[in-house]
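Report on the structure given below.
What follows draws every value from the coordinates through simple rules; no lab data is involved. Please read these numbers as outputs of a predicted model, since none were measured by experiment. FYI the Cβ positions are ideal-geometry reconstructions off the backbone, even for glycines, and counts take in every protein chain you see.
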Amino acid sequence: MELENLVAQVFSDSQWEIGFSPESFLLSAPSQSEAFRLASLEPETLAMWAHKFGKVATLIQYPGGDSYRIPAAMAESEVTMGQETLVLDPQNPLIEIYALSLSPCLYQEIGWFLNNPTQPGGIVRVVDNQQVAMSYANAQKSADFTASAGVKKAVSWKRGDFWHPGDLNDFDRDWKQQLEPNNSNSWIEYKWRSFDPELGRDSEDGWIEFANRYKLLVDEFGNSYHVSWNLGMNDIAKPVGV
């Protein structure tokens with residue numbers, strides 16, 4: 001049984017919960033028997049997902065405070081995704097999650113990035129502009145300051161920490177006027193200027209112009225997110241008046 005089917009089964013039962021801790025991909029079962037059944041069905045698949053999320057293990061919790069722990073190290077060293085075979089590097093997970101409660105529609109978006117590991121991008125929570133998921137493909141472009149800071153640190157940044165303030169104001173205006181939630185045909189492409197948070201907005205160095213595509217996602221609990229894909233970037237001089 002593939003994990004997509006396992007997770008679909010979990011989501012179809014409101015007694016199950018899915019989430020993250022700093023070190024684990026978390027599954028909360030309604031009973032010990034259900035936790036044991038899931039742990040015994042596909043331990044390697046669950047271990048693979050812990051690895052993909054950059055976690056040490058998948059933890060299947062059940063009432064009473066106990067849990068079954070499936071280490072990411074149980075995952076095979078290679079996995080086939082579509083027509084592409086990826087060699088898994090323990091130091092190189094595919095996506096980083098930060099401060100996120102996973103809902104069914106978010107699971108689908110994160111799954112897309114896992115199945116397209118060469119595409120830079122991520123997910124931002126709209127209410128506070130907090131990045132909550134980031135593809136490790138962002139760090140593969142040496143020109144991007146994410147590569148030097150590291151994805152684990154970069155995903156904790158909010159947009160205000162690295163966006164040109166004028167561009168952020170314009171983006172907030174434009175997406176509110178143009179994006180329809182949960183419509184795959186509703187998206188915008190936007191160019192924005194960014195400074196390296198490690199250097200600060202006053203630095204002459206570290207400025208980049210990004211081109212991204214965005215869509216708006218509203219999950220089952222009413223939380224809004226922007227899903228973005230990076231289309232390109234280039235170094236620029238510090239803008240005048242910043």
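Listing for the model above:
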item: Tail weight of P(r) past 14 Å, computed on alpha-carbon pairs of region 182-242, percent; result: 63
item: Rg/Rh for region 94-235, where both radii come from Cα atoms and Rh is the Kirkwood radius; result: 0.93
item: Efficiency of FRET from Cβ geometry, Ser21 and Val242, R₀ 35 Å, rounded to 0.05; result: 0.35
item: Ranked list, fewest to most other Cβ atoms within 10 Å of each Cβ, for Phe221, Phe210, Phe25, Phe113; result: Phe221, Phe210, Phe113, Phe25
item: Partner lysines for Lys153 [C-alpha distance under 18 Å; skip if fewer than 8 residues away on the same chain]; result: Lys52, Lys55, Lys141
item: Under-5 Å amide H pairs with Trp187, H placed in peptide plane, nonlocal only; result: none
item: Local electrostatic count at Ser103 - Lys and Arg +1, Asp and Glu -1, tallied over other residues with Cβ under 14 Å; result: -3
item: Simple spin-label estimate for Ser186 and Ser31 in nanometres, 7 Å along Cα-Cβ; result: 4.2
item: Label zone at Lys152, where the point sits 7 Å out along the Cα-to-Cβ direction: region 15-54 residues whose backbone N lies under 15 Å; result: 21-25, 51-54
item: Virtual spin-label span in nm between Val218 and Asp128, 7 Å along Cα→Cβ; result: 2.2
item: Fewest-first ranking of Thr118, Thr146, Thr58, Thr45, using other Cβ atoms within 10 Å as the exposure measure; result: Thr118, Thr45, Thr146, Thr58
